[in-house]
1. Build a GNM of the chain with springs between Cα atoms under 10 Å: which of 130, 203, 72 gets the top mean-square fluctuation?
2. Please compute the per residue accessible area over segment 117-173 with all protein chains in place, 1.4 Å probe, rounded to a whole number of Å².
3. Using a 10 angstrom cutoff on alpha carbons, build the Gaussian network for the chain and name the most mobile of 60, 315, 207.
4. If you keep only loop residues by DSSP, which trypsin sites (Lys or Arg not before Pro) in segment 32-61 have at most 12 other Cβ atoms within 10 Å of their Cβ?
5. Nothing charged except the Cβ atoms of Lys and Arg (+1) and of Asp and Glu (-1): what's the magnitude of the dipole of segment 41-138 about its Cα centre? Round to the nearest 20 debye.
6. Quickly rank 37-44, 392-399 as a protection proxy: mean count of other C-beta atoms within 10 Å, highest first.
7. Given 37 °C and 0.692 mPa s, compute D for segment 139-205 with the Stokes-Einstein relation, Rh being the Kirkwood radius over Cα pairs; round to the nearest whole µm²/s.
8. Taking Rh as the Kirkwood radius computed over C-alpha pairs, what is the Stokes-Einstein D of the chain at 37 °C in a medium of viscosity 0.692 mPa s, expressed in µm² per second?
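The values are calculated or read from the model by the stated rules, or taken from the named source; none is laboratory data. Note that the coordinates shown come from a computational prediction; the quantities given were computed from them, not determined experimentally. Cβ atoms come from the backbone with ideal geometry, glycine included; neighbour counts cover every protein chain shown. In case anyone asks, the SASA skips ligands and DNA or RNA and just uses the protein heavy atoms, side chains included. Shrake-Rupley method; radii C 1.70, N 1.55, O 1.52, S 1.80 Å.
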Amino acid sequence: MRKLLISTVAAAAVLAAGSAQAADKLKIGFMATLEGTYTVLGEDGQRGFEVAMKEAKGMAGGREIEVIVGATDASPDSALRAARKLVEQDKVDIIIGPLSGSEGIAIRDYSKTQPQVTFINGISGAQETTYVTPSENFFRFNMDGAQWSAGLGSYVFNEKGYKKVATIGEDYSFIYTQVFGFALEFCGAGGEITERLWVPLGTKDFASIIASLPDDVDAIYLGLGGGDAVNFLNQYQQAGGDAKLIGGTIMIDGTVLSSKGKAKEALIGTPGSGPQADTWDNEKWQTFVKAYQDAFPPEKRFPSPALMATGYYNAFNAMKICMDNVKGELGDGHKGLRQCLATLELDAPNGKITLDSNRQAIGTNFVTEVVEENGNLVNKLVKIVPNVNQTLGIDPAVFKSVGLPSRDVPECKKF
């Protein structure tokens, strides 16, 4: 009888604790690049997050959401500072972020030291974040930069007739990953990359790079984003540059296509690829675009959500679905929440997303070309590439033998 009484009291205490937790606010740390070269990207990531928050009425799992913002500048150190404050001082339950590639690797490592917190990537896309020593409490519902290149290399080789190209890229992990994916496919189709040029993130003066661009290529691949992309386009046009261009994902994203000035017009006709296409006529995509447009006045948003808005929108909704699934309970080390996230099929605006065993997204990629439409530059859909996994459909052993993305990996050859 005494044992039964103890068990009953214990059970009541657990129920009371669970009810109290459900009534408590859910503390979410939002991390994005709200400073530095990628500020414009972070701001649109925040808009996507806010659209999802509005649709959820600020609730998840029956709990009111309290958001605490951690601003970063795309550097790993800034991401770690923001995460430590959010976790160790603000005591958040969940972090959604970061945005930039090397930030993601740093937060992956930090997440391993904070098992009491669940980390859901914002939109950072370095391959290593989930491919190398993944973290059990870090989930990424966006594809990485190499996956975002799927379909582009074969398209420019076979359809545009570009056989020989040079590349320019920001000298850090995400762009390494982008060029990696492009090179595997382009070189595998028979293309040649004659030169790979790298610039520091935050470059203001591209004169020496522009002067060293080779003349004997069919096109130049641009792995630049944010302020770097705009600076390059301005200086390239001033120098009389007229080469055909190929856009890395953040080079042809809305964050650049909606920038001020005429330099962006150099991108008209540029093929690129990424996790969305502005002109896709899918009903769910069009509904999201309208929700984004309705949420902000025209002067405080882009004509259409940039991929950062979509990524953070998806990350929030994955969290919301799974918090609802566990009825707001985060006991037992977030076990229920994490099981839900790991097995979730997210019916996202840019296509269905599932996670692999490393908690890395498998999703849909879009090959596009930049066109002018109703006075705006947009990405017109050319081709859809479904079910893109992290090894790009290549045998995992062969993919591993290629090596990790870097300045000169992969080699330009057929694998």
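1. 203
2. Numbers: 1180 Å² over 57 residues.
It amounts to 21 Å² per residue over segment 117-173.
3. 207
4. Those that pass, being in a loop and sparsely packed, are 57.
5. 180
6. Numbers: 37-44: 24.8, 392-399: 12.9.
The most tightly packed comes first, giving 37-44, 392-399.
7. 260
8. For these conditions, the coefficient is 151 µm²/s.
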